[in-house]
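Each remark here refers to the structure printed beneath this line.
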Amino acid sequence: MESERIYNILVTGGSGFIGWNFLNYIFNNNALKYNVVVNLDAGDYSAINRINLNTEKYKFYSGRMKDLSESIIENYNIDLIINFAAHTHVDNSIKGVYDFVSNNVLEMSVLMENARLIWKKKNIKGLFVQISTDEVFGSLEDQGFIPFNEYTLHHPNNPYSASKSAAEVMLRSFMHTYNFPSIITNCSNNYGFGQHNEKLIPKIIENCLNKKTIPIYGDGSQCRDWIYVDDHCEGIISAIKKGKIGNSYLFGGDKTISNLEITKKICSIVDKETNALSPHESLIEFVTDRLGHDKTYLVDYTRSFIDLGWFPKTKLDFGLEKTVKWYLNKE
Ligand SMILES: NC(=O)c1ccc[n+]([C@@H]2O[C@H](COP(=O)([O-])OP(=O)(O)OC[C@H]3O[C@@H](n4cnc5c(N)ncnc54)[C@H](O)[C@@H]3O)[C@@H](O)[C@H]2O)c1
């Protein structure tokens with residue numbers, strides 16, 4: 001039997017929501033063997049999480065990929081890069097595209113180029129994992145109502161998803177031109193601990209607690225495929241361990257639900273947990289829809305199931321309850 005590989009790991013964006021959960025997942029579950037794990041995070045507004053680990057095997061660098069990735073890859077002989085770093089909020093991308101192109105495409109390309117050149121120079125057998133999103137496929141109706149899979153053509157509908165799509169295109173060009181060893185993962189909407197309150201679920205909880213109105217775009221009928229963040233992390237680990245270089249793997253939560261429905265679910269969990277006298281659902285207020293708002297996302301993760309043995313384990317109701325309790329305790 002082949003012994004498990006021991007990596008020198010670089011995680012970018014490890015102080016953001018998913019990157020931080022991924023670091024915790026590795027440390028708490030011994031999910032990967034490593035000599036060192038380096039977290040490189042620019043400390044943007046969504047970098048709200050910290051890892052408190054007293055070990056020489058974990059290093060944190062505050063800085064941008066374009067500035068620090070070369071020295072980190074070189075000095076730590078990094079051979080596994082998991083790139084979470086990005087600007088991620090669709091609304092912000094609609095207000096201004098510069099940060100999205102600059103972080104998600106240009107800096108991501110600098111990261112890849114640094115890895116490519118150093119791996120070549122040092123003859124390192126590396127692996128680059130690009131954390132992408134199902135939003136690159138657009139809305140289900142753009143795809144003839146066929147759930148997204150690894151052969152679905154990209155149809156990004158907003159500057160955020162376009163920048164993530166562009167990053168994938170750059171990566172594909174590296175795979176083809178330089179045989180750059182990489183895997184892409186496309187995941188649906190994540191929920192769980194440590195997400196910035198600009199995003200739907202923490203925003204609902206926060207507004208419930210502050211008795212503020214809960215703004216819902218349009219009529220709230222947009223449907224999202226929600227996945228518990230640990231299931232996503234497990235998918236990334238299984239792609240690293242069992243995935244085929246050059247492939248994409250899709251991860252989804254098996255549960256598509258409208259924004260209005262999930263809002264009501266969260267409100268009722270908050271009602272229960274806080275012994276509310278009146279339902280928080282009354283705080284819901286419908287507001288003008290987001291420009292170019294995708295109607296529905298739906299992921300077909302058959303390849304991940306067959307090739308990686310992966311499937312989402314956390315049922316939405318259970319995961320939401322855990323999540324709401326975490327935010328309430330934090331408050
Ligand atoms: N949140 C989701 O539902 C979801 C779903 C699928 C895929 N993704 C992808 O997962 C990744 C992480 O998403 P998230 O929700 O955790 O985002 P997030 O906004 O919570 O975290 C992103 C982190 O990246 C850091 N960062 C940004 N630009 C950087 C740069 N140039 N150099 C170094 N660090 C930088 C930020 O400081 C932040 O800590 C993103 O690439 C996103 O596209 C997210």
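The values are calculated or read from the model by the stated rules, or taken from the named source; none is laboratory data. Everything quoted here is computed from the prediction, not taken from an experiment. Cβ sites come from the backbone with ideal geometry, for glycine too, and all protein chains shown count toward neighbours. Quick note on the areas: whole protein, heavy atoms, side chains included, nothing else; ligands and nucleic acids left out. Shrake-Rupley method; radii C 1.70, N 1.55, O 1.52, S 1.80 Å.
Summary of values
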| read-out | value |
| --- | --- |
| Residues of region 22-48 satisfying the condition of being within 8 Å of the ligand (Cβ to nearest atom) and either crowded, with 18+ Cβ neighbours inside 10 Å or part of a helix (DSSP H, G or I) (or both) | L40, D41, A42, D44, S46, A47 |
| Identity of the residue in region 131-155, assigned to a helix (DSSP H, G or I) and in contact with a Lys or Arg (Cβ under 8 Å, 6 or more places away or on another chain), that ends up surrounded by the fewest Cβ atoms within 10 Å (Cβ to Cβ) | E141 |
| Flag if D254 is buried (at least 23 other Cβ atoms within 10 Å of the Cβ) and within 16 Å of the ligand (Cβ to nearest atom) | no |
| Restricting region 53-79 to residues that are open to solvent by 80 Å² or more (accessible area, probe 1.4 Å) and touching a Gly at 6+ places or on another chain (Cβ under 9 Å), the residue that is farthest from the ligand (Cβ to nearest atom) | F60 |
| Filter result for I82 (in a helix (DSSP H, G or I), buried (at least 18 other Cβ atoms within 10 Å of the Cβ) and of a type outside the set (G, A, S)) | no |
| Failed item in (1) more than 21 Å from W226 (Cβ to Cβ); (2) assigned to a loop (DSSP other than H, G, I, E, B); (3) modelled with pLDDT of 95 or more, with K121 passing the rest | (2) |
| Residue ID - surrounded by the fewest Cβ atoms within 10 Å (Cβ to Cβ), chosen from residues in region 156-186 that are among the polar types (S, T, N, Q) and outside any loop (DSSP other than H, G, I, E, B) | T177 |
| Matching residues, region 158-184, being among the hydrophobic types (A, V, I, L, M, F, W, C), over 15 Å from the mean Cα position of the chain (by Cα) and within 13 Å of the ligand (Cβ to nearest atom) | A162, A166, L171 |
| Residue among G19, G14 that alone is touching an Asp or Glu at 6+ places or on another chain (Cβ under 8 Å), within 8 Å of the ligand (Cβ to nearest atom), assigned to a helix (DSSP H, G or I) and within 25 Å of I227 (Cβ to Cβ) | G19 |
| Filter result (open to solvent by less than 10 Å² (accessible area, probe 1.4 Å) and either farther than 21 Å from N75 by Cβ or free of Cβ contacts under 8 Å to residues at least 12 places away in the same chain (or both)) within region 118-130 | Q130 |
| Tally, over region 106-117, of residues that are within 11 Å of the ligand (Cβ to nearest atom) and buried (at least 20 other Cβ atoms within 10 Å of the Cβ) | 3 |
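Yes or no, residue by residue, for (1) open to solvent by 40 Å² or more (accessible area, probe 1.4 Å); (2) free of Cβ contacts under 8 Å to residues at least 12 places away in the same chain; (3) among the hydrophobic types (A, V, I, L, M, F, W, C):
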| position | (1), (2), (3) |
| --- | --- |
| E273 | yes, no, no |
| T288 | yes, no, no |
| L298 | yes, no, yes |
| S304 | no, no, no |
| D317 | yes, no, no |
| Y327 | no, no, no |
